[in-house]
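Input: a single structure, listed below in structure tokens.
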Amino acid sequence: MTYDIHEIRSHFPSLQSGAIFFDGPGGTQVSQQVIDAVSDYYKTANANTHGAFATAQRTDAILAEARSAFADLLNAPSPNEIIFGPNMTTLTFNLSRALGRWLNPGDEIIVTHLDHDANIAPWLALEERGAVVQRVDIHPDDCTLDMADFEKRLSTKTRVVAVGGASNAVGTMNDLKTIISLAHMADALVFVDAVHLAPHAPIDAQNLDCDLLACSVYKFYGPHLGVLYGKSDLLDRLQAYKVRPAENQPPHKFETGTQNHEGIAGALAAVNYLASVGEKYGAPYAAQYKQFSGRRLALKTALAAIKEHERNLFVSLMVGLRAIPGITIYGITDHTRFDYRTPTVAFTLNGQTPRAVAEYLGRNNIYVWDGNYYALALMERLGLEERGGAVRVGLAHYNTAEEVERLLQVLMEYAARET
Ligand SMILES: Cc1ncc(COP(=O)(O)O)c(C=O)c1O
């Protein structure tokens, strides 16, 4: 079956409002399955874990099934390598604190100017323990990582490399395979912030060979919840900050306090929703993923189908944006290099603040973000921080060609009126 955008959209009640949602990198809409799963959890399973009664047991079963769903999504070897938490930022702060116990003064951590601050600030916090944080620069002309600078900073002193899968501001996808293998050659651990990558491309933690990877379910059609994957031997060895009666084994030792069970039930439904997209539209991509079966295959092919749909829209979006008078686009604009970016684009319009542009679009029922979206280091590096950042348009799997056209038409009117 070819990708049927009307069928896809029919699962998302909020899309019926008439608003055009291009705010996906800040958070996506949720499907009816997710809404039902959260509500059913409250109706039929609402309890704490490990009790001797039915609702507690249902909660245990939902958590176990959700762990396996996320292991499938990320191709983790075991569900026990999946840790839930309130969001990626909190999980990363907890993780950096735990890893900090292994660091000695002078040990180095590499972060990048392309990253969201949630993958910078938790590592800067370790400066208190004497860690030295190295910051990899970017090529400002296309907002790609300066790999020569990365190699220069990587050394026998490097203990951790913290890198993003993709930039939530300008969409650049990093060459994770190369970064991870170089880091491992230097005996450093690699933490991947996959928050912006996860909605747009299949992720294979085993193939990447990253040590740790985090994502946020609300960026791919689920509830506000964070997920952390870690290699099991590493999670075993890491000491967690935990209360004494809580289990000492991973993943539980990292899940501080009572989890957001209803959110986890919704997160399971979000993964299953994605798998259903793969079952319907993934067949053309199955040959690339012969090693997978069942839900793992469905999820890989879903993301492949989504990637193609978003790519097609993004090509038209970029062509249209480039024709707007007075626009400056940040990041990769050449369509022959779109394999190295997600369908998220940041731009400014001459003489207009990003907030004014976003407000105008908002009045026209088109929802986009403006500002720095916490990609502070990048906005500073691009000299945009002082000027209100940039406007960000992010495509999601439920956006349509008509929505892209409408955005371009409104932007064109705005640019013509204001110049
Ligand atoms: C790339 C990236 N990393 C990290 C985060 C932080 O995620 P969370 O809101 O789950 O803490 C975001 C949120 O926008 C993001 O886009």
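The values are calculated or read from the model by the stated rules, or taken from the named source; none is laboratory data. Given the structure is predicted, the values throughout are model-derived calculations rather than measurements. Neighbour counts run over all protein chains shown; Cβ positions are idealised from the backbone, glycine included.
Computed quantities for the displayed model
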| read-out | value |
| --- | --- |
| Count of residues meeting criterion [assigned to a helix (DSSP H, G or I) and over 20 Å from the mean Cα position of the chain (by Cα)] in the range 298-333 | 9 |
| Identity of the residue in the range 158-184, of a type in the set (Gly, Ala, Ser) and more than 16 Å from the ligand (Cβ to nearest atom), that ends up surrounded by the most Cβ atoms within 10 Å (Cβ to Cβ) | Ala183 |
| Criterion: part of a helix (DSSP H, G or I), at pLDDT 95 or above and acidic (Asp, Glu) - qualifying residue of Asp236, Asp187 | Asp236 |
| Leading residue by the ranking (surrounded by the fewest Cβ atoms within 10 Å (Cβ to Cβ)) among those in the range 380-398 that are within 24 Å of Ile306 (Cβ to Cβ) and in contact (Cβ under 8 Å) with a residue 60 or more places away in the chain | Tyr398 |
| The listed residue being within 20 Å of Ala166 (Cα to Cα) and polar (S, T, N, Q), out of Thr342, Thr328 | Thr342 |
| Selection within the range 192-217 - within 13 Å of the ligand (Cβ to nearest atom) and either assigned by TED's automatic domain parsing to the domain that holds Asp23 or more than 22 Å from Ser96 (Cβ to Cβ) (or both) | Pro199, His200 |
| Enumeration of residues in the range 139-159 that are among the acidic types (Asp, Glu) and without any contact (Cβ under 8 Å) to a residue 60 or more places away in the chain | Asp141, Asp146, Asp149, Glu151 |
| Inter-residue pairs, beta-carbon under 6 Å, first hydrophobic (A, V, I, L, M, F, W, C) and in the range 25-53, second assigned to a loop (DSSP other than H, G, I, E, B), 6+ apart | Val30/Tyr221; Val34/Gly222 |
| Residues of the range 334-374 that turn out to be surrounded by 14 or more Cβ atoms within 10 Å (Cβ to Cβ) and either assigned to a loop (DSSP other than H, G, I, E, B) or at pLDDT below 95 (or both), as a count | 9 |
| Subset of the range 15-32 that is surrounded by 13 or more Cβ atoms within 10 Å (Cβ to Cβ) and among the small types (Gly, Ala, Ser) - its residue that is nearest to the ligand (Cβ to nearest atom) | Gly26 |
| Strands (runs of 3 or more DSSP E) enclosed by the range 33-139 - at least 3 residues per element that are within 16 Å of the ligand (Cβ to nearest atom) | 82-85 |
| Residues that are away from the ligand (no atom under 12 Å from the Cβ), crowded, with 24+ Cβ neighbours inside 10 Å and not in a loop (DSSP other than H, G, I, E, B), drawn from the range 218-233 | Tyr229, Gly230 |
| Which numbered condition Ala377 misses (of (1) surrounded by 19 or more Cβ atoms within 10 Å (Cβ to Cβ); (2) assigned to a strand (DSSP E or B)) | (2) |
| Filter pass, Arg97 being out of contact with any Gly (no Cβ under 8 Å at 6 or more places or on another chain), buried (at least 18 other Cβ atoms within 10 Å of the Cβ) and touching a residue at least 12 places away in the same chain (Cβ under 8 Å) | no |
| Residue match in the range 124-132 (condition: touching a residue at least 40 places away in the same chain (Cβ under 8 Å) and among the aliphatic types (A, V, I, L, M)) | no |
| In the range 192-217, the residues that are buried (at least 24 other Cβ atoms within 10 Å of the Cβ) and more than 30 Å from Phe21 (Cα to Cα) | Cys210, Leu212 |
| Top-ranked residue in the range 103-123 [being farther than 18 Å from Met88 by Cβ and acidic (Asp, Glu); ranked as surrounded by the fewest Cβ atoms within 10 Å (Cβ to Cβ)] | Asp107 |
